[in-house]
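The values are calculated or read from the model by the stated rules, or taken from the named source; none is laboratory data. This one's a predicted model, so the numbers in the text were calculated from it and none came from an experiment. Positions of Cβ are generated from backbone atoms using ideal geometry, with glycine treated the same way; all protein chains shown enter the neighbour counts. Keep in mind that these areas ignore ligands, DNA and RNA; they rest on the heavy atoms of the full protein, side chains included. Shrake-Rupley method; radii C 1.70, N 1.55, O 1.52, S 1.80 Å.
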Amino acid sequence: MQQEELERRLGLVRTYEEDFAYRLGKVVVNKPRLSIWLFLVPILLIYHFQEIRRFRENLPGFMAGFTLSKLRALHAVGRELGGEKVEDGQAAAAGSEAGGPQLSPALAEKQAVEQQVLRRHYRLLLAQAGADYPAMLRGAYGRPEDYEKFLERLQGAEGGVYRLLKADLPPATEERAVIERMERESRRLRREDSQRFFSGAWR
């Protein structure tokens, strides 16, 4: 595969992952609701706009955190297809080498499992010459049932990471609530995407 074509395919996959993280963040990160009382009590309106600004500031951080392992795996596969040899350990450590968070051994082990699932998925995708991301995905999986099996593997691997993170959190915390919303909403969004990918209704 020529480097220009590889970069095109990598760009399509990266754009999808970033768009998914954006859509997920919009339903996971708390956004203040507009109320008629805000217009009747001006100080509440000021508070509302402050909360909206905080939401907008938090969304990019959420997106960066959610896509970190995805883009790390994608980058590793891109390097492999470009002719480099990348070991599993190298891919899992790439975030730390680039100034990312240092992971505990237990969390690194769980993320390594997620990386393996993602790297296999990206290899399948990048082997396809589709004009857009849905075409690449249909070429990689053929049937919605096969794609949904991948989603189950991915969500199982992500679940291992989430369970480990939640184990250190008290029951009633916003952090735990965010993780639980991430699990629930990512399943819903992926199921909706799958239906659109294979019905030809993706836009």
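Is there a residue being open to solvent by 40 Å² or more (accessible area, probe 1.4 Å), free of Cβ contacts under 8 Å to residues at least 12 places away in the same chain, of a type in the set (Gly, Ala, Ser) and in a helix (DSSP H, G or I) anywhere in the stretch 176-183? The answer is no, given that none of the residues of the stretch 176-183 is open to solvent by 40 Å² or more (accessible area, probe 1.4 Å), free of Cβ contacts under 8 Å to residues at least 12 places away in the same chain, of a type in the set (Gly, Ala, Ser) and in a helix (DSSP H, G or I). Scanning the stretch 125-155 for residues that are open to solvent by 30 Å² or more (accessible area, probe 1.4 Å) and either farther than 18 Å from residue 190 by Cα or within 14 Å of the chain's Cα centre (by Cα) (or both) returns 127, 128, 129, 131. All told, residue 72 meets the bar of being within 28 Å of residue 163 (Cα to Cα), modelled with pLDDT of 85 or more and open to solvent by less than 30 Å² (accessible area, probe 1.4 Å).
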